[in-house]
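Asker: Would you mind keeping the following structure in view while I ask a few things?
We did not get these values from a lab; they are worked out from the coordinates using the rules stated. Quick caveat, the model's predicted, so the values are computed rather than measured. All Cβ positions, even for glycine, are placed from backbone atoms using ideal geometry, and neighbour counts span all protein chains on display.
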Amino acid sequence: MPRLYEEAALLLFFVAGRGVTLNTLFDVREIVAVMAQTLEAVTASAFSDADAAAFILDAFEDRWLGWPEPAKRDRLIAMIGTFLGNTPTLRRPPAS
């Protein structure tokens, strides 16, 4: 199980709660595992929370059923960015 599996499952729960529908061709456990790996990659990078959120959203484009309209996408980026910033295990040390 990837290191950030629980955080990825919680993030997926939040995203699905905002009306994003998962593509049934993908197993949910696979989506969570890949999202956990993506979270690990994002936390190791120097992305801002908003850039990291956009990266995560774009990385899962094929796993969503229907792409959200631009206004909804902006809200999802804000929600994911807030999640990244407020989750202690995902916080990065400040750039020096």
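Asker: What does the highest-first list of 1-12, 40-51 look like by mean Cβ count within 10 Å?
Answerer: In descending order of packing, they fall as 1-12, 40-51.
Asker: Here's something else I'd like to know. Roughly how tilted is helix 28-43, in degrees to the nearest 10 and between 0 and 90, from the longest Cα axis of the chain?
Answerer: Relative to the chain, helix 28-43 is tipped by roughly 30 degrees.
Asker: Treat every Asp and Glu Cβ in the chain as -1 and every Lys and Arg Cβ as +1, leave all other atoms uncharged, and give the resulting dipole magnitude about the Cα centre to the nearest 20 debye.
Answerer: Result for the chain is approximately 220 debye, rounded to the nearest 20.
Asker: Helix 49-59 against the longest principal axis of the chain: what's the angle in degrees, Cα atoms only, rounded to the nearest 10?
Answerer: The helix 49-59 is inclined about 40 degrees to the chain.
Asker: Quick check: pseudo-label points 7 Å beyond the Cα along Cα→Cβ at L10 and A41, how many nm apart are they?
Answerer: Here the answer is 2.3 nm between the modelled labels.
Asker: At 222 nm, what helix-only mean residue ellipticity would the chain give, in deg cm²/dmol to the nearest 500, using -39500 (n - 2.57) for each DSSP H run of four or more?
Answerer: -19000 deg cm²/dmol
Asker: Also: With the convex hull built on the Cα atoms of segment 7-90, state its orientation-averaged projected area in nm².
Answerer: Working: hull surface 19.3 nm².
The directionally averaged projection comes out at 4.8 nm².
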